[in-house]
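S.K.: This structure is in structure tokens; I'll ask about it shortly.
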Amino acid sequence: QPVLKVSAIPDEAPTELQRKFAPLGKYLEKETGMKVEFVPVTDYAAVVESLATGKIDMAWLGGFTYVQSKIRTNGATIPIVQRQEDAAFTSKFITADKTIKSLADLKGRTFTFGSPSSTSGHLMPRHFLLQAGIDPDKDFKTVAYSGAHDATVAFVQAGRADAGVLNASVWDKLVEQKKVDTDKVRVFAVTPPYYDYNWTVRGGLDPALRKKLTEAFLRLDPSNPEQREIMALQRTSKFITTRPENYSGIEAAARGAGLIK
Amino acid sequence: MTAHPRDPQALRRASGLVVALLLLWPLLRLSQFSPSALFEAGNLKVMGRFLRNFLPPEVSAEFLGYVVKATLETLAIATAGIALAFVIATPLAVAMTNSLSISRIGPGPARKPRMALRVGVRALVLLLRGVPELVWALLFVRALGLGPAAGVLALAITYGGMLTKVYAEILESSDRRAVDALLAGGSGRLVALLYGLLPNAAQELVSYTVYRWECAIRASVVMGFVGAGGLGQLMDQAMKLLNGGEAATILLVFLLLVLLADAISARLRKLLA
Amino acid sequence: MSFRIETASIRYPNGQCALSQLTLAGGRGERIAVIGPSGAGKTTLLRLLATALRPSEGRVELLEQSPWALSAGRLRRLRCNIGMVHQAPPMPPRQRVVTAILAGRLGVWPAWKSMLSLAYPADLAGATEQLARLDLADRLFDRCDQLSGGQLQRVGVARVLYQRPELILADEPVSAMDPVLANLTLGELCKEAATRTATLVASLHAVDLALRWFPRIVGLRSGAIAFDLPAERVTDVLLRELYASESESPPVHGREPLRMAALSAGGDRPKSACR
Amino acid sequence: MSFRIETASIRYPNGQCALSQLTLAGGRGERIAVIGPSGAGKTTLLRLLATALRPSEGRVELLEQSPWALSAGRLRRLRCNIGMVHQAPPMPPRQRVVTAILAGRLGVWPAWKSMLSLAYPADLAGATEQLARLDLADRLFDRCDQLSGGQLQRVGVARVLYQRPELILADEPVSAMDPVLANLTLGELCKEAATRTATLVASLHAVDLALRWFPRIVGLRSGAIAFDLPAERVTDVLLRELYASESESPPVHGREPLRMAALSAGGDRPKSACR
Amino acid sequence: MANKTKAAQLCMSCLLTLIAVAAVVSASFAYLSLNLGQLFSIDAAGEMLRFLQSFFPPDLSAGFLARTARGMLETLAMSAVGTLCAAVLGLVLALPASGRHGAALKALSRLVLNLLRSVPELVWAVLTVLAVGLGPFAGTLALALHTAGVLGRLFAEALENAPAAPAQSLLATGASPALAFLYGTLPCVQPQFLAYTLYRWETNIRMAAILGFVGAGGLGQMLYFELSLFHLAQACTVIIAMLVLAALVDAASAFMRRDWVMVHA
Ligand SMILES: Nc1ncnc2c1ncn2[C@@H]1O[C@H](COP(=O)(O)OP(=O)(O)OP(=O)(O)O)[C@@H](O)[C@H]1O
Ligand SMILES: Nc1ncnc2c1ncn2[C@@H]1O[C@H](COP(=O)(O)OP(=O)(O)OP(=O)(O)O)[C@@H](O)[C@H]1O
Ligand SMILES: [Mg+2]
Ligand SMILES: [Mg+2]
């Protein structure tokens, strides 16, 4: 039986990713007739690298990681679907400090991004910070990289950093699950919307299989009780198709911020 | 009676001390060394609150299941990695140890080329252990894909370099007289190692190897990177999220494993005594 | 010629000049005792002969070969034919006596044999035999650090006996032994040298032993040869001069034993066992 | 009484019984030589006296005290008054001679002084003086591994001279020295003992030296006392018996030196410097 | 001959231990079902080679070099100060841990050492950040605490292995254990201690990499950042800088080993 190897960027704890993927994996197994294997990793670069070298077939990428994989394979990797919400994604700036009310108040404070490779935890916030006239490398006292979105919240909540930024979807989830003390930590700024996450397949994957996968995602329907759980875990109500051009904005932002040379 | 001589080392020592102090000062400044910060009441309170968070340890069945699986995997990867590292380190260490050099005695023929060779090996070993594990891991992921194989290899390479270096240092520091006698009696370097150095150094070599194994268990970077998970990764995650209960459980497992390593080390040393 | 040293000097890295312009030669089967005050350079001379030191200047020829002109491999083969009893026995404390003795043949054994021998002694009989010559056969399996000073020294001698080299060097091989044992040990060394017509060069502090067992005596002082004479021509005056402390005249108590030793040397030296 | 051993036995961990039921006592200011074949237990006896070994059975009393009944602090103070010259000089190879000698007083110096002395020798004059007595003053700042065998042994003696203990133990203190130097060294040890009425117990292989320098001779064999006599009453027969190899009769070459040594002992033993 | 059994050096328990070690190692390989053969295929070699090539040439632009140099200094400072503190603390703990001050203290100090080193640097870093705030000092402290545990253990075992005679002879002349250690044992183990400390320093230079996330900065954070973004040329520069530091420490260790440096008191 052929194996479909799948991975995801570790923007959340690997155990959490594994939990989220389990039912989706079963669904894809049924749809494609292949054995689906999920490989959780802890490093963004590992996902990009394995996708680029064909060691995995499909991955859940952030906008920025997709752009990176595209560049590393000269455009061979193909984004197939994304969540409805990813078409207008935002990041939220949070703080536990009462004196911080706007981005301008951040000057001279300590600040934490998520992972350097994260779109919503680093690239786009950096892009919008720069647009607001704040250069993170110069204007902050210390910049830390927490490594993951939920870690950013933990950092800020414990007072280890004055402020931080993370993706809106994770923030909503944490608030929903009461994992964050909203009395202490609050959102004080939100970025304009941008394209983010997608499911990308490696270049050279059998087009028939690619089609099968795309359709499987698009067929997902929350009204079907079995598939509702999958959708809930993926935190979406609908998957839509996506195209490489959707991410040219991100690429431009990354070049502007100097993250792509 | 001679007039009492002055200690010829005195000047060198004094100047050495002065130079050391002069060097230390900027280093302390750069690292913002300020022990007083440790004892500020506010800081202590934050830390105390965080430490209280460690109790009670997380013992839910699901989490324990993760921990057990991670422990098994970690042990397997660490053992395999160290075994390979040992295979890499042994020949390199023998080649690198100056005490085992036959041409050193005299100095004899081919001293210069041998010394150059040793410098070469030294540089190679520096490269093995100096290039970060992450880079090795990236390299092997390209060849072998995600999975334990790449992690084991990355571990083997970096730890091989570290073992080599420390093996060589241990051999270099032990008493040379026995090896000298053997080498001057015409024996080869490998045999001189076995008969002249190992009887004295074996215990320390073994104890360092076990210690490295223990480090491999804690190592988190490589294993997580290649998707092998492992205890170290669980720990990193728990700490990043400031999840004290989970961290406490994993710490307990670490402590148990360290005690296990200590026991193994002690047993092996006793066998070699 | 078994060895020939020509105007060789040895200077240690710290600047200490231990031998200066020394010339000495010995023929096959000769038995030579090197005597001299502490720090005269006896050990240095023997280490020079053992190819453990390279002369800073001058030439050395051993067993018809120039050690320092040889390739690495040939030098090793040459070294297998030279055996040295060290002043301080160089055995790892944790090593067993039998292993320490078998180590004498490491140079000639193939590597696999040496390695196997660590697990099970490759030549128990041989090691026992040599140890028995020195009256120590019962300590074969003790660790070296469980031996007394004299016992450990005998292990060092047994190793060289087991090695069967053509040039036997012995640096104060009996310094830790009682008189009877010292005689026994020197006797065995001489017998070994005689039966295989090997050359024996030993440094000794006990002048009487040197005069009894060695036909040729070399007096060394401050790194140079003071005299090089047949044993019967070594006189009291020569000895007194050799050992005279550089700073002052010899202490009064020193006189007696020297005369005594010298006298006994001239007399009835037993010649039986040796040659 | 300076020391008293009563039916003491020593058994090493490997089961070797080195001393059995040994009884011996020595008065203040006495000079005792311990002689006996290799492995007889001389070193063990001296280590027993140095409180480095605890008897498996029996009692030991040193300088009017029972060392093994003392508190740790008092035992330390007792040990300050006991000094031992070891058979193999126990100096770390990289240590300098001056430090090795000054280490003799660690027990009495305050801790800060000992520590400072590591940076700059606390008592250069004292160390030089003791070293000069043994004719080695010029090697004060050399490292111990840069000395010859006899030189290193003298450093060991100098350390004990510098320590100025009431009970001086010397385990073959002159085994690596030439006859003149051996006499000089034993002379200094005896002089030191005499001027401070300290007790001196030395083990020696050179019977003639023992007979010359020590009024009382203890013969040790297989861990038991064979004889304990004034030097003039030690006869050739006694010595021959003492050293007779257990397995066989003494080798023929052994006879001469023994007789010789015994004879010379009976004769003109110099008594000047000692007592 | 009755000697036969005595003659064999490999006792039963040694043999059993050997077999056990071999079994555990092969079990590990089996459990992971490693297929290392792949590594030696032409394909894999090509992939790896191409990857390595993409690191070259390193970024040598003045701006980046200046940043790297600053990172080097920071890393050097953190690792040096951390290691120095660790060596002192480790030595203090190693003395009782080697059994010089009785069994009770030995057990206690061993426990402390085990605790110190069973907590990884990263975890210490989280604690120290809480204690002293983000910044290099937190990293320094984290390195120092973990390394103290490591060095303490290594020192203790080196001490147990050291020749006993020199210290014993001093103890027997009434020296206190501490002084007997300074005069008798330390000169024997000093090269070993120095080697371990310098080696650990080198490790800590690399470890400072992981500590980047506490805002400690230095080469580690730079490397992590550049690698994540696939700025391989920049990563190469950083790696070279790390290698240079390691080589410096390595050379220092070789230099210290020289006979004329190694004079003890
Ligand atoms: N490794 C060394 N480094 C520096 N100097 C040394 C070294 N070994 C010996 N010497 C010096 O060289 C000289 C000769 O030493 P050697 O060991 O040959 O003397 P020796 O005749 O054997 O004396 P002894 O009878 O005391 O053993 C001495 O002055 C000694 O201090
Ligand atoms: N550490 C030890 N462990 C076991 N046995 C030992 C140990 N030290 C000495 N022995 C044994 O105890 C006996 C007495 O040893 P000791 O060292 O006292 O002899 P010695 O009279 O000093 O001999 P030598 O003249 O050769 O120095 C010897 O048989 C020796 O092998
Ligand atoms: Mg000598
Ligand atoms: Mg002895």
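The values are calculated or read from the model by the stated rules, or taken from the named source; none is laboratory data. Just so we're clear, the structure is a prediction, and the values are computed from it rather than from any experiment. Reconstructed Cβ throughout: ideal geometry from the backbone, glycine too, with neighbour counts over all protein chains shown. These area figures cover heavy atoms from the full protein model, side chains too; ligands, DNA and RNA do not enter into them. Shrake-Rupley method; radii C 1.70, N 1.55, O 1.52, S 1.80 Å.
S.K.: Pairs to check: A:K5/A:K211; A:K138/B:K45; B:K165/B:K240. Give those whose C-alpha atoms are more than 23 Å from each other in this structure.
M.R.: A:K138/B:K45; B:K165/B:K240
S.K.: Using only the Cα atoms of the protein assembly as shown, what do you get for the radius of gyration and for Dmax, in Å?
M.R.: My reading of the Cα-based Rg and Dmax gives 37.4, 123 Å.
S.K.: Hey, which residue of C has the C-beta nearest the axis mapping C onto D, and what's the distance in Å?
M.R.: So the closest residue, with its distance, comes out as C:S175, 2.
S.K.: Per residue of A:12-20, what is the mean number of Cβ atoms on other protein chains within 10 angstrom of that residue's Cβ?
M.R.: Other-chain Cβ atoms within 10 Å of each residue's Cβ, averaged: 3.
S.K.: Among C:G126, C:S148, C:V160, which residue has its Cα furthest toward the positive end of the charge dipole of the stretch C:91-164, with +1 on Lys/Arg Cβ and -1 on Asp/Glu Cβ?
M.R.: The one lying farthest along the dipole's positive direction is C:V160.
S.K.: Of A:S146, A:S248, which has the most accessible area and how do the rest follow, probe 1.4 Å?
M.R.: A:S248, A:S146
S.K.: As I understand it, the dipole of the protein assembly as shown uses +1 on the Cβ of Lys and Arg and -1 on the Cβ of Asp and Glu, about the Cα centre. Which of E:T203, B:V253, E:T128 lies farthest toward its positive end?
M.R.: Farthest towards the positive end: E:T203.
S.K.: Which residues does the label zone of D:L70 cover in the stretch D:195-217, counting backbone N under 16 Å from a point 7 Å along Cα→Cβ?
M.R.: Within reach of a label on D:L70: D:199.
S.K.: Now for a separate question. Less than 16 Å apart at the alpha-carbon level, and either on another chain or at least 8 residues along: which aspartates and glutamates does that give for C:K191?
M.R.: Straight-line reach from C:K191, under 16 Å: C:E30, C:E129, C:D135, C:E166.
S.K.: If I build a Gaussian network model for chain B, linking alpha-carbon pairs within less than 10 angstrom, which residue out of B:M235, B:M223, B:M115 has the largest mean-square fluctuation?
M.R.: In this elastic network of chain B, the residue with the biggest mean-square fluctuation among B:M235, B:M223, B:M115 is B:M115.
S.K.: Using only alpha carbon positions, build the gyration tensor of the stretch E:64-263, then give the equivalent ellipsoid semi-axes as the square roots of 5 times its eigenvalues, largest first, whole angstrom.
M.R.: Sorted largest first and rounded, they come to 36, 20, 11 Å.
S.K.: Please work out the Cα center distance from the stretch A:156-216 to the stretch C:183-226, rounded to the nearest Å.
M.R.: 89 Å
S.K.: Here is a further query. Could you work out how far apart the two model spin labels at B:V68 and C:M115 are, taking each label as a point 7 Å from the Cα in the direction of the beta carbon, and quote it in nm?
M.R.: 4.2 nm
S.K.: Compute accessible area for the stretch E:225-245 by itself and then with all protein chains, 1.4 Å probe, and report residues whose area falls by 40 Å² or more.
M.R.: E:F225, E:L227, E:S228, E:L229, E:F230, E:H231, E:I239, E:L243
S.K.: Here is a further query. With the dipole of the stretch B:136-229 worked out from charges on the C-beta (+1 for Lys and Arg, -1 for Asp and Glu) around the Cα centre, which of B:Q203, B:V166, B:G145 lies farthest toward the positive end?
M.R.: Toward the positive end, the furthest listed residue is B:G145.
S.K.: Roughly how many percent of the accessible protein surface of chain E is carbon and sulfur, given a 1.4 Å probe and a whole-percent answer?
M.R.: 74 percent
S.K.: Just to be sure I understand the model, the point goes 7 Å from the Cα along the line to the Cβ. What's the resulting D:T195 to D:A25 distance in nm?
M.R.: 3.1 nm
S.K.: With heavy atoms of protein chains only and a 1.4 Å probe, what residues of the stretch E:36-66 have at least 10 Å² less accessible area in the full set of chains than alone?
M.R.: E:L36, E:Q38, E:L39, E:A44, E:E47, E:M48, E:F51, E:L52, E:F55
S.K.: Right, something else. Counting only other chains, and only Cβ atoms inside 10 Å, what mean value do you get across the residues of A:63-71?
M.R.: Counting other chains' Cβ atoms within 10 Å and averaging over A:63-71 gives 1.
S.K.: Another question about this same structure. If every alpha-carbon in chain D counts as one equal scatterer, what log10 I(q)/I(0) does Debye give at q = 0.10, 0.12, 0.13 1/Å?
M.R.: Here log10 of I(q) over I(0) equals -0.52, -0.75, -0.88.
S.K.: Here is a follow-up. Kindly give the distances from D:M115 to its copy-mates, label point to label point, with each label point 7 Å from Cα along Cα→Cβ, as nm values to one decimal ordered shortest first.
M.R.: Here the equivalent label points are 5.0 nm apart from this one.
S.K.: Additional query: Straight-line reach from C:K113: which aspartates and glutamates have Cα under 18 Å away, leaving out those fewer than 8 places along the same chain?
M.R.: C:D123
S.K.: State, to one decimal in nm and shortest first, how far the label point of C:G73 sits from each corresponding label point in the other identical copies (label point: 7 angstrom along Cα-to-Cβ).
M.R.: Reported distances to equivalent positions: 7.1 nm.
S.K.: I need the calculated FRET efficiency for the pair B:K45 and D:E6, taking r as the beta carbon distance and R₀ as 56 Å, to the nearest 0.05.
M.R.: The formula returns an efficiency of 0.25 here.
S.K.: Right, another one. If you build a Gaussian network model of chain A, linking Cα atoms that sit under 10 Å apart, which residue out of A:A22, A:A163, A:A148 swings the most?
M.R.: Ranking A:A22, A:A163, A:A148 by mean-square fluctuation puts A:A22 first.
S.K.: Please report the base-10 log of the normalised intensity I(q)/I(0) for the stretch A:116-218, using a Debye sum with one equal scatterer per alpha carbon and no solvent, at each q in 0.10, 0.15, 0.23 (1/Å).
M.R.: Debye intensities relative to I(0), on a log10 scale: -0.40, -0.74, -1.28.
S.K.: Quick one: how many Å² of E:V244 are accessible to a 1.4 Å probe, rounded to 10?
M.R.: Counting only protein heavy atoms, E:V244 exposes about 70 Å² to solvent.
S.K.: Could I ask something else about it? Within chain E, which whole H helices from DSSP have a Cα span along their axis of at least 20 Å and a mean Kyte-Doolittle hydropathy of 1.0 or more, if any?
M.R.: E:12-32, E:62-97, E:232-257
S.K.: Mind checking B:205-213 for the average number of partner chain beta-carbons within 10 Å of each residue's beta-carbon?
M.R.: That works out to 2 on average.
S.K.: Using +1 on the beta carbon of Lys and Arg, -1 on that of Asp and Glu, and nothing else charged, what's the dipole of the protein assembly as shown about the Cα centre, debye to 20?
M.R.: I would put it at about 920 debye.
S.K.: Also: Determine the share of chain B's accessible area contributed by carbon and sulfur atoms, expressed in whole percent, with a 1.4 angstrom probe.
M.R.: 72 percent
S.K.: Would you mind checking the tilt of helix C:255-266 against the longest principal axis of the Cα atoms of chain C, expressed as 0 to 90 degrees and rounded to 10?
M.R.: 70 degrees
S.K.: Taking Cα centroids, how far is the stretch D:48-118 from the stretch A:17-94 in Å?
M.R.: 73 Å
S.K.: Between E and B, buried accessible area summed over both sides at probe 1.4 Å, in Å² to the nearest 100? Numbers along the way, then the final one.
M.R.: On the way: alone 15870 and 16730 Å², together 25510 Å².
For chain E against chain B, roughly 7100 Å² becomes buried.
S.K.: Give the interface area between chains C and D as buried accessible surface, both sides summed, probe 1.4 Å, in Å² to the nearest 100.
M.R.: For chain C against chain D, roughly 3500 Å² becomes buried.
S.K.: May I ask you to give the average projected area over all directions of the convex hull of the Cα atoms of the stretch B:186-273, in nm² rounded to one decimal?
M.R.: 7.5 nm²
S.K.: Given label points at 7 Å from Cα along Cα→Cβ, what nm distances, shortest first, separate C:A244 from the same residue in every other copy?
M.R.: Going from nearest to farthest copy, the values are 4.6 nm.
S.K.: Still on this structure: Using a 1.4 Å probe on the protein heavy atoms, what percent of the accessible area of the stretch C:122-228 belongs to carbon and sulfur?
M.R.: So the carbon and sulfur contribution to the accessible surface is 49 percent.
S.K.: Now, a different point. In square angstrom, what is the accessible area per residue of the protein assembly as shown with a 1.4 angstrom probe?
M.R.: Here the per-residue accessible area is 37 Å².
S.K.: Under a straight-distance cross-link criterion of Cα-Cα below 20 Å, which aspartates and glutamates are reachable from B:K112, leaving out those fewer than 8 residues away in the same chain?
M.R.: Candidates past the 8-residue exclusion: B:E172, B:D180, C:E57, E:D259.
S.K.: Treating only the Cβ of Lys, Arg, Asp and Glu as charged (+1, +1, -1, -1), what charge dipole size does the stretch D:91-164 show about its Cα centre? Round to the nearest 20 debye.
M.R.: In debye, rounded to 20, the stretch D:91-164 gives about 180.
S.K.: Right, something else. Taking the DSSP beta bridges in the protein assembly as shown as the whole, what percent of them are antiparallel, to the nearest 5?
M.R.: 55 percent
S.K.: Now for a different question. Sorted from largest to smallest, which semi-axis lengths in Å does the alpha carbon gyration tensor of the stretch B:10-52 give for its equivalent ellipsoid, taking the root of 5 times each eigenvalue?
M.R.: Values for the stretch B:10-52, descending: 37, 10, 7 Å.
S.K.: Using the basic label-point model (7 angstrom from Cα toward the beta carbon), what is the B:R13 to A:R228 distance in nanometres?
M.R.: Label-label distance for B:R13 and A:R228, simple model: 8.3 nm.
S.K.: Moving on. Under a GNM of chain C (C-alpha, springs under 10 Å), which listed residue has the highest mean-square fluctuation: C:E192, C:E241, C:E30?
M.R.: Result for chain C, Cα springs under 10 Å: C:E241 fluctuates most.
S.K.: How are the Cα pair distances of chain B distributed, in percent, across 5 Å bins from 0?
M.R.: Reading the bins upward from 0: 1, 5, 9, 11, 11, 11, 13, 13, 10, 7, 4, 3, 2, 1, 0, 0, 0.
S.K.: How many square angstrom of accessible surface are buried between B and C, both sides summed, with a 1.4 Å probe and rounding to 100?
M.R.: Working: alone 16730 and 13100 Å², together 27510 Å².
In total, chains B and C hide about 2300 Å² from solvent.
S.K.: Pairing the Cα long axis of helix D:124-133 with the longest principal axis of chain D, what angle in degrees results, from 0 to 90 and rounded to the nearest 10?
M.R.: 20 degrees
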